[in-house]
Amino acid sequence: MKEKASILRNKLYLYITEFFAGMSVMAVELGASRLLAPYFSSSQIVWTIIIGTIMIAMALGNIYGGRSADKNPDPDVLYRRILVAAIWIAAIPVLGKYVILGIAGALIFSINNNFLIWAAFAACMVVFVFPLFLLGTVTPSLVKYTVDSLDDNGKTVGNLGAANTIGSIIGTFVPTFVTIPAVGTSITFLIFAGILLVLAVIYFVSARSGAKKAVVSVILFVVCCVFGHNSSFAFWENDLTYEGESVYNYLQVKEDEENVILSTNVLFGVQSLLKKNGGLTGMYYDYAMAAPYMAGIKDKDGIDVLILGMGTGTYATQCERYFDNISMEGVEIDDKITDLAVKYFELPEDVPVTTYDGRAYLNAIDKTYDVIMVDAYQDITIPFQMSSIEFFTLVKEHLKDDGVMVVNMNMRGQKEGNITEYLSDTIANVFSEVYTVDVTGSTNRELFAANDPNVLDVMKDNMAEEENERLASMMEIVSSHLEQYERGDYLMTDDQAPVELLGMRVIDEIIRNEVEYYKDIYEEDGLSGLLDAM
């Protein structure tokens, strides 16, 4: 026993073990959020599931690790667990994406409610729980190895806790601000798996035991590095123009003969679009162009437009193409998206973009605008601070007296009490004139809000002066489908804005509607018929 544990005699290596174990747990937790986000979003719901399952794993690991250490106080057992945890974590970039998609595909046909919760929970349980369970055994095992007497057990346990906490702190900041933005999620998993592997290998080399296990583990780790270094989340795509990650998002750019498209989700959603021929997009951006007409663009020498949630500048680019008296500026929290806007989406050089949160930006400026577009909602990820009555009041304060706010609500629900109804009621508590129009062929709904009772008359008068036939035709479609919104009793505030739960309900509704068609095919023609239909 002494021979094997020679490296542990001064206990320093045990503290180092505790430090890196704590660091790796937090790194895996943050990596888990980035691995799941392109498939399930990065909402508070997904974060809650990640934290909850990891806490379950750690608690079970603590219980098992303490009992195991009492029965067999041999450090070899602990470091074998660390080896297994290291290889499992290293295998996540190789297999994790396939497992997540497989789980989502299996559950989408069997779960009718709370799909996001069940799919994310199942994915976490299968992919992340076991290695974190093993790392959960570290602390109670190290307590057993380090406590020599009751005289200093409090000090020793305190030092171990401090080492674990310091490691956790570093493991929180390094992936978020260093490794994930620089090298991606996959290599981040490999880096921290490598740290655990080195930790265990050093122990076994020093203890002169477990050589075969160490060699096999190193070989498996190398294999994982070879096959897991590819950071592609959309592994079935062969012709992506760009795929990468930022501090905030998964980013994917793809193009065809007509379009360049930005998506922050692997499976669905278009966040920004460039039409190579310079025409209208056929999406909600076209509908949102009614806002400048409502603000009297044809009657003024120029109007100022602010876009909160600039993306790659689709709305700004389109407005500049069709209006020669418009001044655009944008706010985008993700600077990498702004970089992509310049490189791939022809963002005009005269359109300034500020890297900032939209609400914080409004708090920091005094300028007023003719049009403010709120386009910061993507799938279920709706910033609660940009959905409350306090936020929309702030927007109103930054509009001119005849100014117009346009909001892109991207998940149009049908049931009473859905997210669009909550948003609309909240806005109607701030603005006297609220109109909505559904975007054909999508789940988007555009909302226009103003305090000028003549806003529709202004729109029609300005539309009459439009010389571009295609744009005029588009505005006629918007005008003919606009509906005045009647305010209800739903309200969101900074204190209470359950946007995640409301958004999840709409996602369940959308999934049920989309999947029903394929369920019918499966019931009639079986798996072969389903594969043919897809």
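The values are calculated or read from the model by the stated rules, or taken from the named source; none is laboratory data. Note that this is a predicted model, so its numbers are computed, not measured. Cβ atoms come from the backbone with ideal geometry, glycine included; neighbour counts cover every protein chain shown.
Taken over the range 62-74, the criterion of being in a helix (DSSP H, G or I) and either touching a helix residue (DSSP H, G or I) at 6+ places or on another chain (Cβ under 6 Å) or not assigned by TED's automatic domain parsing to the domain that holds Thr172 (or both) is satisfied by Asn62, Gly65, Gly66, Ala69. The range 206-315 holds helices (runs of 4 or more DSSP H) entirely within its bounds, and those carrying 2 or more residues that are modelled with pLDDT of 85 or more, over 21 Å from the mean Cα position of the chain (by Cα) and closer than 27 Å to Gly31 by Cα map to 211-228.
Of the candidates Gly358, Gly330, the single residue that is under 22 Å from the mean Cα position of the chain (by Cα) and within 21 Å of Thr281 (Cα to Cα) is Gly330.
Here Asn325 meets the list (1) at pLDDT 95 or above; (2) surrounded by fewer than 22 Cβ atoms within 10 Å (Cβ to Cβ) almost entirely, failing just condition (1). In the range 316-327, the residue that is farthest from the chain's Cα centre (by Cα) out of those that are in a helix (DSSP H, G or I) and not hydrophobic (A, V, I, L, M, F, W, C) is Tyr322. Exactly one residue out of Arg80, Arg67 is farther than 23 Å from Gly184 by Cβ and in contact (Cβ under 8 Å) with a residue 12 or more places away in the chain, and it is Arg80.
Conditions (1) touching a helix residue (DSSP H, G or I) at 6+ places or on another chain (Cβ under 8 Å); (2) of a type in the set (Ser, Thr, Tyr); (3) modelled with pLDDT of 90 or more, marked per residue:
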residue	(1), (2), (3)
Tyr39	yes, yes, no
Ile50	yes, no, yes
Leu60	yes, no, yes
Asp76	yes, no, no
Leu83	yes, no, yes
Ala86	yes, no, yes
Gly96	yes, no, no
Ile100	yes, no, no
Gly105	no, no, no
